[in-house]
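Derivation of every value follows stated rules applied to the coordinates shown; laboratory data play no part. Note that the coordinates shown come from a computational prediction; the quantities given were computed from them, not determined experimentally. We place every Cβ from the backbone using ideal geometry, glycine too, and count neighbours over all the protein chains shown.
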Ligand SMILES: [Zn+2]
Ligand SMILES: [Zn+2]
Ligand SMILES: [Zn+2]
Ligand SMILES: [Zn+2]
Ligand SMILES: [Zn+2]
Ligand SMILES: [Zn+2]
């Protein structure tokens, strides 16, 4: 039902007009589709991209590896070096081929050294690494480190030298003893071109620890101050019997590559290895008019923003405004805690009032003042429906004359939006919890009644839709907080109110008791309402997206990309 | 025998046979989990006459990953006042973090810290000491230090 579900990785390639026609033929006539609107909306072959959707492509790890290999082959062929060497150089320069070529032409040796391929001082017998001052040049990092020993004014020389030599005995009586584990039963040793020899088991422990614990793919030699970096063939040799770590190492290489490419983003969901390519959303200008919400090919639930670090759908609001709003919420988290509590002060007599039910129409026990729990405003101004209170009454802040009441008004204004934002978030959680219970009941009904599995899916669809729309609603409050007052904002809030009302109605339907006698009617009602809610959501998303494209939205604060 | 035990056994035998560098003494090494060593900076330094105690904690990943090292702070011992040593004894030193090498040892860590103290010209607490100490994890290895400048 979500527009995002429509993107499976195969579908993406078919977004051209010819395919559109074919798809329509496959599905059947338009009137047929209307007969079963839910199925229509779920149809994965429906290729039309909506105005609030961006063009993107999902790539598997394998796909990304192909891109990497192409770059490595390219560098390998023009420099005439091994693939592994080209790979290290590219990783060192963050996959910037042009810059690498330039630097390599300028000073190939410097590039080879910086990429950990060769050492400044190539004396292989320098087993007691850390003694050569020349090898410290690459260490731009700071802090008291190994090298600081060398610059110590009066180090207790005798002790230090002796001890370090004791601990790194490369060969004792012709027999190799690994200077790390001192296990003389180890027979297999490995070393890179620096000839720092260690037993295979220590190398394995070291590489495994780097890859698994530190998520590090840039692995330097174990010897102290040795700047050589392990090329792929070496890692592969060390991990010959440890496929899991080798796989993880390759995943880290892909992550590094993806991190260096502005048009690629790694799926932020845990243990997912997919990447999304979204070239249209790279520029700052595009981010001021579109919200690049993408879904990776692994799961429709892996939805994230390509333009910022929000790991969920923040449509309809653009990244810059979403970021400001989240920052504002963080900064005011103390105030937010107050809002979440169940007690408030009566705005007339300041006595404490506790909320113990779901209804928002409150009456102060002491002074009989009637007000709305959500906005604390007088109930009389709310008319018959509390949904009117999605709109913040700006009169109060205009009237505020002195600094104190101005600051109070600005806090109240923020709380108006925050309260609703938090309310939808809370309701989302409650819906999920509630649905878990409903689902169980539905499963039972499947057994006891003649309803099929397909027929009981309407609840799941409705809950998914409610959650999706509450997400939209949350962000509309984040957006409205920053929208300049005027006709445009009012229209925005009309759409917001209509969606909110529809969502609340659907929520109520979902929460109504289910039993086999009413299930058919309920199914019809829920299905119809779900379709309606979905339409209202699309209206909000579409109109807001259009507004961004024709620069209709005006902000009450400076927004990145707007002057 | 595990690698860490064998390795620590070897380091201990070496210390017992060949002694420790000047200014460094083994206080106790009763097991292969925790060792204590005392540290003194010799010569003309800002820490003249002061003795400090270092606590080393090892897990089974030693020496592949670094030991947890900190200055002891209790009724007997105080941490040195140094721009890379927090008042709770935690040390911001890259040798204990990203520049750790498995060929380093307990003694080489002591020697490095000794020279870190020896080269200090002015006793100063690290910037943000109070905030760090307030929020610091018990084990300094859980802290991700940004390594500060080396010019102290
Ligand atoms: Zn070994
Ligand atoms: Zn080496
Ligand atoms: Zn994913
Ligand atoms: Zn974003
Ligand atoms: Zn009252
Ligand atoms: Zn209200």
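For the residue pair residue B:57 and residue A:191, what label-to-label distance in nm results when each label sits 7 Å from Cα along the Cα-to-beta-carbon direction?
That separation, rounded to one decimal, is 3.7 nm.
Kindly express, to the nearest 10 degrees and within the range 0 to 90, the angle between helix B:106-118's C-alpha long axis and the longest C-alpha principal axis of chain B.
For B:106-118 against chain B, the angle is about 20 degrees.
Which distance in Å, rounded to a whole number, links the C-alpha centroids of the range A:407-452 and the range B:99-123?
Taking the Cα centre of each part, the range A:407-452 and the range B:99-123 sit 57 Å apart.
What does the helix-only formula give at 222 nm for chain B: each DSSP H stretch with n ≥ 4 adding -39500 (n - 2.57), the total divided by the residues, and the result rounded to the nearest 500 deg cm²/dmol? List each step's numbers first, then the result.
Details: 3 runs with 36 residues, N = 152.
Helix contribution divided over all residues of chain B: -7500 deg cm²/dmol.
Could you grab the relative contact order for the range A:410-549? Cα pairs under 8 Å, six or more apart, rounded to a whole percent.
Computed over the range A:410-549, the figure is 31 percent.
When ranked by the protection proxy of mean other Cβ atoms within 10 Å per residue, highest first, what sequence do the peptides A:232-238, A:464-470 form?
Those peptides, ordered most packed to least, come out A:464-470, A:232-238.
When you look at the Cβ of every residue in A:223-231, what mean number of other chain Cβ atoms sits within 10 Å?
If you average over the peptide's residues, the count of other-chain Cβ atoms is 2.
For the Cα atoms of chain B, what angle does the longest principal axis make with the long axis of helix B:3-18, in degrees from 0 to 90, nearest 10?
Relative to chain B, helix B:3-18 is tipped by roughly 80 degrees.
Averaged across the residues of A:440-452, what count of C-beta atoms belonging to other chains lies within 10 Å of each residue's C-beta?
Across the residues of A:440-452, the mean count of other-chain Cβ atoms within 10 Å is 0.
Quick check: from the Cα gyration tensor, does the range A:410-549 come out rounded (a/c under 1.5), prolate or oblate? Provide the component values of the computation, followed by the final result.
On the way: a/c = 3.27, a/b = 2.16, b/c = 1.51.
Taking the square roots of the gyration eigenvalues as a ≥ b ≥ c, the range A:410-549 is prolate.
Within the range A:461-477, what residues put their amide N at less than 13 Å from the label point 7 Å along the Cα-to-Cβ vector of residue A:298?
What the label zone holds, given the 13 Å backbone N cut-off, is no residue at all.
Just order A:60-68, A:553-561 by mean Cβ neighbour count inside 10 Å, highest at the front, would you?
Values: A:60-68: 16.4, A:553-561: 14.0.
Most protected by this proxy first, the peptides run A:60-68, A:553-561.
What shape does the range B:78-143 take by its C-alpha gyration tensor, where a ≥ b ≥ c are the square roots of the eigenvalues and a/c under 1.5 counts as rounded, a/b above b/c as prolate, and the rest as oblate?
Values: a/c = 2.29, a/b = 1.25, b/c = 1.84.
Verdict is oblate for the range B:78-143.
Just checking the output field for A:552-559: average partner chain Cβ neighbours within 10 Å of each residue's Cβ?
The shielding value for this peptide is 0.
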